[in-house]
Structure formats: C-alpha cells, structure tokens
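Contents: one structure, followed by commentary.
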Amino acid sequence: MTTNMMNQFHLPYCLVIEEGACERLNEILADCIPGIEQKKVIIATEPALVSIMKDYLEEMKRDLPCSETYLIEENSFDEAMELAKYICMNDCEVIIGVGGGKVLDVAKYAGFVGKIPYICVPTTLSNDSLASPVSVLGTVGDARKTLKCKIPTGIVVDVDVVMGAPVAQLQSGIGDTISKYTALYDWKLDAAHRKDRVDDFSYLISDMALTSLCYNEEKSLKSKEFIKILTQSLVLGGLAMEIAGNSRPSSGSEHLFCHSLEENHKEIQISHGMAVALGSLVSCRLQGQDVERLEHILKAYGMDMDPMNWGITEEIFVDTWLGAADTRKDRYTILNEVDLTRERLVQLYGELRSER
Ligand SMILES: [Zn+2]
C-alpha cells in the first residue's frame, strides 16, 4: 500500500453538530439535498430504535412523502447487499441511516453499491466509521471485513440524542480516537520502511482529532460540550482516512491487537474502542512513547484499563499479541521491529494490571 500522490478525495457536503438537530432534520436534509421532498428516500434504521426515535421518524416521513422505513436486522455484508438490491429495484434516490455504528455501516455500504447519496444520523458515537470511507461488515461466520466505500454526503449529529447513548459506547468512541497516538507513530514507521512519505495533511487532521480530545477540559461524558468535541474528533478521523486513501492515519499495531482478539477470542465481550485503547497502552510502550500521557487521559474519561476486568487473561493477552501481526500482513508497524517474546508480553500484562 503506497501513498498515492494523486489520491482523489471527497468531503461531506453537509456537517451539522448541534443540539436539537433532529427537530429540524427536514430543513437540514432539504439544504443538503435540494428537492429531497420529491425524491424516493429510504430511511434505514434498526428495530430497537423505532420506538426511541419514533417522533423524529414520523416527522421525517411526513415531510418526505416518498420515503419509507427499512429495518436493518444485522451488521452483515449480505444484509447490505440485500438493501442495495432493494435500492436498485425500487429506484431509491437517497438513503438516510439512523442508528448506531453497525446500522450505519450497512446503510453506508448499501448506498455506495446502489450509487445514491447517503446521509448519516448517528444515535451514538462508538467509532470513527461515522465519516470514514469504509464499512466494517460481518461476512462468513463471525469474521468481519473492512470494505472500501464512500464517505457520507451529509452527517447530522443531534447532541441531545447522542447524550442518551450508553457511556460504554461513548468510551468506545474515545478509545478509537486516543488510539491515533500509536497509529500515527506506526504510520511514520511504515512510511520510513517503504521509503515513502506520510500524507502531511491527513496526518495533521488525524493528530488534531487526537489532541482536541486529549486537551478537552470537559471530561463528563454526559455533557453537550464533550459530545460536540467527540463528534468533531471522530469526523476528523474519518476525513483523515479519506484524504490518505487508506486507514493508516487511524489504525496501527493497536488495531492489529483488536483484530486478533476479534478473530481468535470471540468470547471476549469488549467494544472496538476499548480493545484498541488497551492495544494502544501496549503499542505505546513498544514504541517508547510517553505512556503516562495516554493513561492519564483514559483514566480521566473513566475507562477501565485492567485487561482482566474485560475477561482478557494473561494467556489470552499473550496469545492475541503473538497473533496480531498476522491479521494484516501488509501492514508494517512497531510489531515488525520489536522482538515480542512470551516473557516480554507477560511483563507488559503485569504492567497493565498494576497501573490501574
Ligand atoms: Zn478503529
């Protein structure tokens, strides 16, 4: 994967992050896609949200007379293709995704395959797929695949709605952002290894996403200020990927740990962002970066950094790290440069457990 000097990128046409955005959603939609009220619109959401978002969904349907609701049952490639087929067969012209990350990934991919504009209305902030040009979808069995697609045409975040999201999901969003600390280091390492260069602008944006969350003084997850900062960071993270033309500005060895955990230890119940945060605490040590800075931030957001509390035993931890580099063989990271022995990993596990 080389940095493409001529990488073409697109930016979302509309980005609204404000309180009560859903109450004026139709106005925002009309601004984003002129004439939307006459278009065939498909509103993709999940069964669990139909009652929670009832008022907004009804209002949307009232102002968009040619719209219909489509319920997404699972986050799979098959489901996305089913929806894409529905879009093509019914000549749908716009897709609006309302829901969490998994639903939005299905809607985003279906809109991409169906070649229609996609607008996302997240109800939570669990990872940076919000504005990214990729969708992570389930394939055969429990395996998940990251598929290239397009960034959304519009992003509408109602701060009041997202404030109602579970704390664990918001912490996952924090973890996915904080992990850029080690991802960016690995990206530079990769570029040096291939005698290539990182995309400076993409690097800058990803670093901004990281620092704005690090230096944010409002640490209460249930505050409007914090929700706005987290949204901005996640959106910037997605745009950095779009500009780079790959996921390197957001994903390094800490993500390889997460992939290895997902693939080899499906029994572990941990969010994507929490897993990459734990991964970052280890990658950071391997890279020789300031780990205390990272710990301090995660602690301030109330994140539990003891792997044992997530069911990750010493054996699982060692196993997962030993298998990490093999999950994406084309990805050069610090794991290619350190001698990761069992003893070293046992020691790192001990350090992680004692620093709580
Ligand atoms: Zn991630």
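Nothing in this text is a laboratory measurement; each read-out follows from the coordinates by a stated rule. Keep in mind that this is a model prediction, so the values were computed, not measured. When we count neighbours, we look across all protein chains shown, and the Cβ atoms used for this are built from the backbone with ideal geometry, even at glycine.
In table form, for the structure just shown:
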| item | result |
| --- | --- |
| Charged-residue dipole, Cβ positions (Lys, Arg, Asp, Glu), the chain about Cα centre, Debye nearest 20 | 700 |
| Unpartnered cysteines - no second Cys beta carbon under 4.7 Å - across the chain | 22, 66, 88, 92, 120, 149, 214, 258, 284 |
| Magnitude of the charge dipole, segment 104-165, Cβ model with Lys/Arg +1 and Asp/Glu -1, debye to 20 | 400 |
| Cross-link pairs beyond the 29 Å C-alpha cut-off, checked among 180/219; 150/299; 180/266 | 150/299 |
| Gain upon complete extension [residue 346, residue 204; 0.36 nm per residue less C-alpha separation] | 47.6 nm |
| Alpha-carbon centroid distance for the pair segment 7-28 / segment 316-356, whole angstrom | 40 |
| Residue among 182, 123, 146 with the largest mean-square fluctuation in a Gaussian network model of the chain, springs linking Cα atoms under 10 Å | 146 |
| Residue 219/residue 268 FRET efficiency (R0 22 Å; Cβ-Cβ; nearest 0.05) | 0.25 |
| Prolate/oblate/rounded call for segment 136-278, Cα gyration tensor, a/c under 1.5 rounded | oblate |
| Inter-part distance where segment 73-101 and segment 193-252 are each reduced to a Cα centre, Å | 28 |
| Extension reserve of the residue 336-residue 19 stretch, reckoned as 0.36 nm per residue once the Cα distance is removed | 109.6 nm |
| Most mobile listed residue (220, 67, 206) in the chain, GNM with C-alpha springs under 10 Å | 220 |
| Contact order relative to length of segment 75-230, as percent, for alpha carbon pairs under 8 angstrom and 6 or more apart | 19 |
| Span from the segment 272-308 Cα centroid across to the segment 118-166 one, whole angstrom | 23 |
| Between 0 and 90°, nearest 10: helix 167-178 axis offset from the chain longest Cα axis | 60 |
| Relative contact order [Cα under 8 Å, 6+ residues apart], segment 167-354, whole percent | 29 |
| The chain: most fluctuating residue of 54, 150, 40 per GNM, C-alpha cutoff 10 Å | 54 |
| Entries of 115/148; 108/224; 108/222 with Cα pairs more than 19 Å apart | 108/224; 108/222 |
| Backbone N within segment 204-229 under 17 Å of label point (7 Å from residue 48 Cα along the Cβ vector) | none |
